[in-house]
1. Any idea what the alpha-carbon Rg over 2.2 N^0.38 Å comes to for the stretch 1-154?
2. Between the DSSP loop rule and a limit of at most 13 other Cβ atoms within 10 Å, which trypsin sites (Lys or Arg not before Pro) in the stretch 305-372 are left?
3. Once you have the Kirkwood Rh of the stretch 270-467 from its Cα pairs, apply Stokes-Einstein at 4 °C and 1.567 mPa s and quote D in µm²/s.
4. Run the reach check for residue 519 against lysines, Cα to Cα strictly under 21 Å, same-chain hits fewer than 8 apart removed. What comes back?
5. Please arrange 228, 526 by how many other C-beta atoms lie within 10 Å of their C-beta, fewest to most.
6. Plugging the Kirkwood radius over Cα pairs into Stokes-Einstein for the stretch 386-538, at a temperature of 20 °C and a viscosity of 1.002 mPa s, what D comes out in µm²/s?
7. Using only C-alpha atoms and all pairs of different ones, pull out the Kirkwood radius for the stretch 469-583 in Å with one decimal.
8. Treating cross-link reach as a plain straight distance, find the lysines whose alpha-carbon is under 17 Å from the alpha-carbon of residue 113, omitting any fewer than eight places away in the same chain.
Amino acid sequence: MEIPKGILLVLHNGFAKITVTEALSALPSTFHSLDREIVEVSYSHLIDLSKLYDTGYEQFALEHRRIFANKIAPHLTNHPDYKTVYFGLAPIPLCIDFGHLFHNHRDFLIFHKHHVTKEWYIDLGATDNLNPINITGIPDINQKGISNALIRLGISHPINPEDTFEILPNAAEIDIALENPDEDAITTPNSLVEVGMAVKEAFDQLSNNRSNINRIHLFASIGCGMAFTIGTKISPNIHSYIQTYQYSRTRDPKYTKALLIKSQLRTERKIGETEREIIDRLRLISNEELVNKIHKYMDHNENMSRNRIWYQGIIPRLKPEIMSEDFWKDLPALYETSLKNDSFDLETKTVDGFYWSKNKWVIDDGFYLSIHNRIESEGDILQAIRLFLFHEALHYKKHKLNSYTVIEIGSFPKVLETADYQADVYAIINEYGYYAQMIKEVNNTKDFFLNAIKVATETMWSFDDCGVELEEIQIRRLNRYMIWYWQFARIEQEGNDLNSIISILEEKPVIEINGLRTKEENNRFFYLLERRKDSPLELAIFHKNELLRNGSALNMPIENLVNGVKSMNGEMILDVMRSFVSQK
């Protein structure tokens with residue numbers, strides 16, 4: 001083995017901690033005197049092996065990407081002649097995702113932990129050709145008509161085709177497997193390289209296939225070192241998105257989706273100098289908007305709202321019968337929320353979406369980049385920021401949604417749907433008051449509210465938009481989109497003045513779609529956008545004490561709504577809702 005100038009020792013601690021002492025003792029003696037840098041990749045807590053099937057991997061992935069960006073990437077740049085030495089004890093999806101961060105680097109020494117002796121090794125001295133690798137099913141590169149492709153990678157254990165068929169019944173199937181799978185089957189560096197290159201070749205063939213396959217589904221029974229190696233083989237510019245899965249022998253189905261490699265790289269993905277300038281500027285102007293303008297508006301809001309219902313401070317002449325229920329009346333005025341003392345955290349770049357703590361709004365880079373990509377004018381971008389803040393301020397002040405109550409809140413979709421609708425309306429009405437006071441007089445009330453709804457829905461999409469079409473969506477999120485496109489269409493057709501518009505917003509519609517298959521995952525409920533029930537697509541809405549129900553037809557093609565959701569195209573959904581509203 002060639003002796004490097006130095007080593008970068010990476011200890012990947014997922015479900016167990018690897019000590020520096022055990023790692024150093026496993027190194028070849030010739031490495032002991034080398035310069036070395038040690039990076040421990042540890043998560044906020046150890047991951048429970050018994051709960052891997054139900055684990056949400058996104059936050060853990062964000063944590064190791066942050067460590068990579070802050071500690072590992074600078075070292076790789078400054079010391080290109082060092083060898084990266086990897087020890088891993090983490091779930092396979094996280095090992096693959098972590099390995100993908102090293103895709104530009106090739107000088108690795110990978111250690112494996114023996115399942116019997118519990119010792120770390122790189123070479124057991126076995127003969128690789130006694131356990132050859134078999135590869136079958138790779139389609140011809142010119143074959144068309146492939147909608148889904150999967151790889152069954154059986155290295156530690158064989159993978160049952162029936163288990164993957166349950167997930168993807170109509171996929172092109174590729175099998176890469178050792179003749180004798182075993183948990184300690186990777187016995188030499190050569191066998192590690194051979195399997196890694198076989199998987200890379202399959203990725204190459206499928207990614208270049210004329211069917212334009214945009215996702216490859218990887219079902220892998222492998223060890224941590226093998227998973228890390230596969231991650232390093234995934235090219236961000238050549239390969240399709242790689243969907244990883246988590247297995248459980250006792251669950252049905254036995255596989256559940258884990259991380260989607262590449263598309264979920266919100267912070268580290270393709271953020272070059274141009275993107276960084278955009279993100280930093282938007283974060284800065286968001287803070288200026290909050291600190292310099294929203295804070296100033298709070299004095300006016302307090303003067304107008306004190307001893308009044310919150311919306312009377314914004315629309316004093318609203319007809320008394322509108323919003324007369326306690327559901328709307330019993331809300332705080334904007335000045336009573338935390339916003340009058342809040343600011344944005346300008347330093348933190350990587351979080352799971354956003355959070356509020358100690359009067360600081362901490363927001364992920366990906367949010368700003370998505371907002372920039374989806375909303376054109378700076379005025380609308382600032383409106384999106386204000387709507388976001390007004391919405392979330394109500395969640396924190398009145399709904400008591402905080403870091404404790406928000407845990408697994410997705411398990412209560414109807415509760416959250418109602419809270420979100422109330423917060424959306426609260427934000428839009430407060431934006432009307434802010435705009436009229438701080439920007440300019442609202443001359444066309446209908447146009448203002450339609451634009452505010454459009455900006456609000458584009459902001460919602462920014463949380464779903466990872467740069468690839470949706471295959472599934474939480475039921476509550478789709479309902480939220482349908483509600484707001486329905487309300488847009490109603491205001492467009494019936495919103496003649498401020499009273500009629502607020503009267504429309506006062507009534508939360510109950511709207512649902514039927515005909516899509518559903519699934520439950522981690523106590524959350526999803527529509528599968530690619531899969532249908534035997535029944536046709538239908539929309540139903542309970543409106544003004546009447547049940548309206550319509551199936552797909554030429555004048556209302558509901559399939560366009562589904563396609564609009566898949567492509568995150570609000571105009572396609574809105575066109576269907578316009579047809580629905582015109583028929584009521």
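1. Taking N as the residue count of the stretch 1-154, the ratio is 1.21.
2. 306, 308, 317, 358
3. Rounded to a whole number, D works out at 74 µm²/s.
4. 51, 254, 257, 414, 533, 566
5. 526, 228
6. The Stokes-Einstein estimate is 126 µm²/s.
7. 14.7 Å
8. Cα-Cα hits under 17 Å: 17.
Only the coordinates and a few stated rules stand behind these numbers; no lab work does. Keep in mind it's a predicted model, so treat the numbers as computed, not measured. In this analysis, Cβ positions are derived from the backbone assuming ideal geometry, glycine residues included, and neighbour counts consider all displayed protein chains.
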